[in-house]
Every structure is written in structure tokens, then in C-alpha cells.
1. Which whole-number value in Å² is the accessible area per residue of segment 9-56, probe 1.4 Å?
2. What does the charge count near Q152 come to, summing +1 for each Lys or Arg and -1 for each Asp or Glu among other residues with Cβ under 10 Å from its Cβ?
3. Excluding P118 itself, what net charge comes from residues whose Cβ is under 12 Å from its Cβ, given Lys and Arg +1 and Asp and Glu -1?
Amino acid sequence: MRRRDEAEFTEFAAMAVRRLRRTAYLMCGDWHRAEDAAQDALVKVYRRWNWINRHDNLPAYANRVVVNTILDQSRRVWRQREFLDGEGAAIESVPLAPDQIDAIDDRDMVFEVLALLPPAQRACIVLRHYSDLSVEQTAEALGIGTGAVKSQTSRGLARLRELLSQRERCTS
């Protein structure tokens, strides 16, 4: 790789790694797997750097790679035997205000419910509503049609509402 390309990739990777890691975390619910998936995705992007059209939505391509990496990991037999430990990011031992505790509880509940969705619905919701991609960008990132993105997102949001309302009723 030429020195200029190396510098461009380094700049891209520095800007993209946090977003890729967060997207992967929302897909799998495990910070360690998310870190591995983000790194794997950057390695795959690096290997194809000379062939990628960098003017044609490089972040969407990187999103597609990280989502596919997570989906590939979840299909492996050994991965299906593992259990999520639910720890996620470490929470500092600083006393939290009640509204902060509620926010953490709400966030944890959303992550738990998001993990119950089928992978395609979870991917569409994460890319559309967390990564703030358009329907077209999400379709490109996942390699599916815009109609599939719309239907998967719609079904996923309906299921999320249903699961969250069930959780609300159980805790009330």
C-alpha cells in the first residue's frame, strides 16, 4: 500500500472505530465481541482498501462489514453455546443520582430486548436508528433491498414495542 493510502486508511480507521464498535455492541450485546468485530472489520477494509471506491460511502461499507462480521460470528456453533455475561461496559463506583440509575436500567432493558430480535431486524434497527443511516444506506450496508429494510425495521420496531411493554407491565 502506498504511503498516501496508508495515511488515508489510518485517518479513516481512527474516525470509524468507535462508531463501528458501538454498532457491533448493539448487534451482539458484548463489548469484547464488539471490539473484536470492529477490529476484524477494519482489517477487512484495510485488505480491500485499494479496490474500495472511497468516494462511494465508505462508512456504509464499513458498517456492512462489521454487521456481517457479527452475523457470521453468531452463526458459528461454538458461539451459540456461549452466554452473554451482561456486564457490558464497566460502571464506575461513583454514587449515581436516581435519574442516572433509571437511565442505566432503561438502557440495559433496551439492550436485553434488542438482543431478543432476529439478527436481520436488529441490524436494520441499529443501522437506521442508532447509526442514523437512510433506508438506502442501510440497504447498501446490509446488501438487501430497500423494501426488505423497511419491512425488517417495521417488524423489529413492533416487536420491540411489544417486548418493552411486556417488561413495563412485569416491573409495575
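The values are calculated or read from the model by the stated rules, or taken from the named source; none is laboratory data. Note that this is a predicted model, so its numbers are computed, not measured. Using ideal geometry, Cβ is built from the backbone for each residue, glycine included, and neighbour counts are taken over all protein chains shown. Keep in mind that these areas ignore ligands, DNA and RNA; they rest on the heavy atoms of the full protein, side chains included. Shrake-Rupley method; radii C 1.70, N 1.55, O 1.52, S 1.80 Å.
1. 57
2. +4
3. +3
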